[in-house]
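One structure is given below, encoded as structure tokens.
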Amino acid sequence: MSKPVKAMVSADLKSRYAGIQSACVVSLTGLDVQSQEKLRRNLRKKSGRLEVVKNSMAKVAFKGSPLQPLGEALSGPCALVTSPESLVDVAKLLVEAAKEFKQLKLKGAIFEGDPALITVEILSKLKGRRELIGELAMLISSPGRALAGCLKAPQSKLAGCIKTLADKEQAS
């Protein structure tokens, strides 16, 4: 490949992965076409994308970006898995797929631009975006719920006392 072509491919990769801060690296060596297509379909359902990349081009394209630490995991035939939504959900799917397809090797991942390279298995054990939003909503609403309970408690006690008095009056 000539230098101008390499520069164009590298620039294309750089623009394609600009703004992406989380990705997984996998090896598809040994997977047949049907298995690869099944994996791609499953990833698309989770809004994931699998793309085979040339290691040297990817390393050049990732220089200076949050994906630069992935260069360590790029050895041998590799594919890059990204998702605009939750990479944790995609990592969970990849771990399940690795159990189904024994040839699929999970090499490494980078999460939210953290310079430390982690394994895909560790990433899959983290909480997903929906789970975190649910927990945050619960934490935000719990003080208000507790306050409402405290404000309502004296009223219900007073209403209970009045009802008891009214029942005694009716009984007499």
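Data for the structure
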read-out: Net charge of Cβ neighbours under 11 Å - reference residue 117; Lys, Arg +1; Asp, Glu -1; value: -1
read-out: Span per principal axis, largest first, for the Cα atoms of the chain (Å); value: 103, 35, 22
read-out: Cα gyration tensor, segment 26-114 - rounded (a/c under 1.5), prolate or oblate; value: oblate
read-out: Local electrostatic count, residue 70, Cβ distance below 12 Å [Lys/Arg +1, Asp/Glu -1]; value: +1
read-out: Burial ranking of peptide ranges 117-127, 53-63, 159-169, 79-89 (average Cβ count within 10 Å, highest at the top); value: 79-89, 53-63, 117-127, 159-169
read-out: Length gained when the stretch residue 99-residue 138 is fully extended (0.36 nm per residue, less Cα-Cα span); value: 10.6 nm
read-out: Sum of side-chain charges, residue 29 neighbourhood, beta-carbon under 12 Å (Lys, Arg +1; Asp, Glu -1); value: +2
read-out: Kirkwood Rh and Cα Rg combined as Rg over Rh, evaluated for segment 6-66; value: 1.00
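Bear in mind that the values in this text are calculations on the coordinates, not laboratory data. Because the structure is predicted, anything quoted here is derived from the model rather than measured. Don't worry about glycine lacking a Cβ; one is built from the backbone with ideal geometry, like all the others, and counts go over all protein chains shown.
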